[in-house]
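For reference, the structure discussed in these notes is given below.
The values are calculated or read from the model by the stated rules, or taken from the named source; none is laboratory data. What you are looking at is a predicted structure, and each value in this text was computed from that prediction instead of being measured. Cβ atoms come from the backbone with ideal geometry, glycine included; neighbour counts cover every protein chain shown.
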Amino acid sequence: MEFFSIENILFTIGSSKVSWLEMFSTVSGLTCVFLAARGRSINYYVGYFYTILLFFLFLQKHLYSSMLLQPVSLVISIFGHYRWTHPKIGEKNKKQELKVTTLTKQKRLFHIGLVLVLAAIWGFALSKLGSIFPNAFPPARLPFLDATITMCILTAQYLSAQKKLECWIAWLTVNITNFTQYLLVGFVFMPIVCAVYLALAVIGIKTWYKEWYKEMSGKIISL
């Protein structure tokens with residue numbers, strides 16, 4: 001499958017070669033995030049394709065944590081797609097889809113603590129993966145940073161699936177840490193893309209906050 005080779009180069013930026021795989025991943029990813037920021041459930045259809053592309057991209061870059069994340073990400077996406085389009089009684093917005101809500105302070109602290117603990121455990125496991133299976137996996141690059149990003153992404157996706165406003169804070173964290181990781185592993189094109197993701201995350205925060213605020217204002221008036 002020639003397309004799924006990172007050596008199939010589309011163009012070059014500086015000393016960094018950008019493959020068709022990276023380009024298609026980027027376009028589908030940006031489209032998915034833009035639609036999610038606008039609160040459109042159609043983003044999940046694009047996201048399914050995006051997940052498949054990322055699996056191959058991270059495999060070829062030896063970012064195993066990010067690679068192994070993709071099947072889990074696909075499951076969360078399917079769950080989120082269902083939640084957005086099949087809200088329970090009292091969870092519907094004006095579009096008859098899942099409305100935006102927020103976490104309690106206790107749940108915010110819980111998610112932060114869970115990310116730190118799981119990242120430490122997963123990072124340690126990744127650091128040993130190459131020595132345990134040397135023929136299957138070359139040494140992992142930046143295992144603890146990779147693991148931290150992985151756990152942040154899982155948290156962001158889960159919160160997105162529940163349409164929690166805090167998901168965009170998690171996505172901002174992911175994009176900032178991804179920017180660092182991409183530079184360290186030699187990407188040039190992807191850090192540029194991360195800047196666009198950051199801008200879309202800001203749009204997402206503003207759009208979802210407006211929807212949440214309108215919902216809360218409506219409740220206050222009705223009371």
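Summary table
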item: Residue among TYR48, TYR82, TYR44 that alone is in a helix (DSSP H, G or I), hydroxyl-bearing (Ser, Thr, Tyr) and out of contact with any helix residue (DSSP H, G or I) (no Cβ under 7 Å at 6 or more places or on another chain); result: TYR82
item: The one condition in (1) under 13 Å from the mean Cα position of the chain (by Cα); (2) within 30 Å of GLY90 (Cβ to Cβ) that ILE203 fails to fulfil; result: (1)
item: Qualifying positions in the stretch 161-190 - free of Cβ contacts under 8 Å to residues at least 24 places away in the same chain and either more than 21 Å from LEU35 (Cα to Cα) or among the basic types (Lys, Arg) (or both); result: PHE179, TYR182, LEU183
item: VAL18, sole failed condition from (1) more than 27 Å from ALA125 (Cα to Cα); (2) hydrophobic (A, V, I, L, M, F, W, C); (3) assigned to a helix (DSSP H, G or I); (4) touching a helix residue (DSSP H, G or I) at 6+ places or on another chain (Cβ under 6 Å); result: (3)
item: Test: residue in the stretch 197-217 that is modelled with pLDDT under 85 and under 22 Å from HIS86 (Cα atoms); result: yes
item: PHE179 vs. criteria over 15 Å from the mean Cα position of the chain (by Cα) and surrounded by 16 or more Cβ atoms within 10 Å (Cβ to Cβ); result: no
item: Unique residue being surrounded by fewer than 16 Cβ atoms within 10 Å (Cβ to Cβ) and touching a residue at least 24 places away in the same chain (Cβ under 8 Å) when the list is ARG83, ARG108; result: ARG108
item: Candidates PHE34, PHE24, filtered to the one that is modelled with pLDDT under 90 and either assigned to a loop (DSSP other than H, G, I, E, B) or touching a helix residue (DSSP H, G or I) at 6+ places or on another chain (Cβ under 8 Å) (or both); result: PHE24
item: Every pair of residues 6+ apart whose Cβ atoms lie under 8 Å, when the first sits in the stretch 55-71 and is of a type in the set (D, E, K, R) while the second is not in a helix (DSSP H, G or I); result: LYS61/ILE6; LYS61/ARG141; LYS61/VAL185
item: Among the residues listed as VAL72, VAL117, the single one being in contact with a helix residue (DSSP H, G or I) (Cβ under 7 Å, 6 or more places away or on another chain), part of a helix (DSSP H, G or I) and among the aliphatic types (A, V, I, L, M); result: VAL72
